[in-house]
Amino acid sequence: MTIETTPDYWDCECEHNYIHAKVDTLECPVCLSIEEEQPDSRVSEISTVRKRQPRCPEDNGPGGLFLAGCGSSDLSGPDFEGLYDCKDCGLFFSKADAANK
Ligand SMILES: [Zn+2]
Ligand SMILES: [Zn+2]
């Protein structure tokens with residue numbers, strides 16, 4: 001039996017809450033393990049945190065400078081600059097701009 005892992009998450013060495021999204025952190029503030037030296041998370045274990053995946057920003061806030069995208073969750077990234085690329089509309093945006101609520 002093969003265990004399916006995901007490149008988007010990693011496990012630290014904590015007993016609880018050991019799954020970290022790579023978009024959020026590459027170092028656990030509790031056990032101080034770093035993503036590079038730890039395994040990717042199992043797909044079966046990340047279903048609870050998966051909802052936090054960012055989406056393409058959809059709305060222009062009133063008077064804001066938000067990016068206008070399409071709301072798609074079909075993204076690539078983050079790249080080395082921490083930017084996502086929407087595969088549907090081609091928009092580049094940072095995690096801070098993502099619609100992940
Ligand atoms: Zn930890
Ligand atoms: Zn988009």
Scanning the range 20-46 for residues that are surrounded by 17 or more Cβ atoms within 10 Å (Cβ to Cβ) and within 13 Å of ligand 1 (Cβ to nearest atom), the one farthest from the chain's Cα centre (by Cα) turns out to be 33
Within the range 69-84, can you find the residues that are of a type in the set (Gly, Ala, Ser) and surrounded by 13 or more Cβ atoms within 10 Å (Cβ to Cβ)? 69, 71, 72, 73, 77
By residue number, the members of the range 9-34 that are among the charged types (D, E, K, R) and either in contact with a Ser or Thr (Cβ under 8 Å, 6 or more places away or on another chain) or over 21 Å from residue 84 (Cβ atoms) (or both) are 11, 13, 15, 27
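Bear in mind these aren't lab numbers, they're just calculated from the coordinates by the rules spelled out. Remember, it's a predicted structure, so these values are computed and weren't measured experimentally. Using ideal geometry, Cβ is built from the backbone for each residue, glycine included, and neighbour counts are taken over all protein chains shown.
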